[in-house]
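Scroll down for the structure; my scribbles are underneath it.
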Amino acid sequence: MSTIRLRQPAVALASDRSFWLQDIAAAPATEPLRGDERADVVIVGGGYTGLWTALRILELAPQTRVVILEADLCGSGASGRNGGQVHSWFAESTRSVRSSVSRKRACCAPTRWHRSRS
């Protein structure tokens, strides 16, 4: 059986953090875990998935002892750097999109949705 060695978690440089964390000069809210900790559920990672999972578990079973292990700040990884947006106009016709942006850009919008609606 081979041995797998994992690298130690690394804290992101302040300049690599999201605009939001940089803007408030975010610092750790707790001390690093030392020693032993008891938990019913341990969640590795304090991003969207980890935090929502913890909230849902506590919503369904408030007596559950949940511990979240995060190497840096909660939301400092991909979740915190996400620039996700919802645009309702993607479902509109190219003509509608063209009224807001150039013809060239409007033609780059996903078209499979337009065709499936016809």
| note | Within the stretch 51-72, the residues that are crowded, with 16+ Cβ neighbours inside 10 Å, under 18 Å from Pro9 (Cα atoms) and among the hydrophobic types (A, V, I, L, M, F, W, C) are Ile68
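I'm checking my understanding of the structure. Among residues of the stretch 29-39 that are of a type in the set (Gly, Ala, Ser) and exposed (fewer than 12 other Cβ atoms within 10 Å of the Cβ), which one is modelled with the lowest pLDDT? Give the steps one after another, and end with the answer.
Of the stretch 29-39, the ones of a type in the set (Gly, Ala, Ser) are 29, 35, 39.
Still in the list and also exposed (fewer than 12 other Cβ atoms within 10 Å of the Cβ): 29, 35.
On the way: Ala29: 78, Gly35: 89.
The residue in question is Ala29.
One line per residue, one yes/no per condition, for (1) within 20 Å of Gly83 (Cβ to Cβ); (2) of a type outside the set (A, V, I, L, M); (3) touching a Pro at 6+ places or on another chain (Cβ under 9 Å):
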| site | (1), (2), (3) |
| --- | --- |
| Arg17 | yes, yes, no |
| Ile24 | yes, no, no |
| Arg38 | no, yes, no |
| Val41 | no, no, no |
| Leu60 | no, no, no |
| field | Checklist (1) surrounded by 17 or more Cβ atoms within 10 Å (Cβ to Cβ); (2) over 17 Å from Pro32 (Cβ atoms) applied to Gly83, failing item | value | (1)
| Going through the stretch 7-18 one residue at a time, which ones are surrounded by 10 or more Cβ atoms within 10 Å (Cβ to Cβ) and assigned to a helix (DSSP H, G or I)? | Ala14, Asp16
| Selection within the stretch 40-50 - assigned to a strand (DSSP E or B) and open to solvent by less than 70 Å² (accessible area, probe 1.4 Å) | Val41, Ile43
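Listed here are the residues, each with its yes/no results for (1) part of a helix (DSSP H, G or I); (2) touching a Cys at 6+ places or on another chain (Cβ under 8 Å).
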site: Arg5; (1), (2): no, no
site: Thr30; (1), (2): no, no
site: Arg34; (1), (2): no, no
site: Arg38; (1), (2): no, no
site: Trp52; (1), (2): yes, no
site: Pro62; (1), (2): no, no
site: Ile68; (1), (2): no, yes
site: Ala71; (1), (2): no, no
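The values are calculated or read from the model by the stated rules, or taken from the named source; none is laboratory data. All values derive from a computational prediction rather than experimental measurement. All Cβ positions, even for glycine, are placed from backbone atoms using ideal geometry, and neighbour counts span all protein chains on display. The protein model used for the area step is the full one, side chains on, heavy atoms only, and it has no ligands, DNA or RNA in it. Shrake-Rupley method; radii C 1.70, N 1.55, O 1.52, S 1.80 Å.
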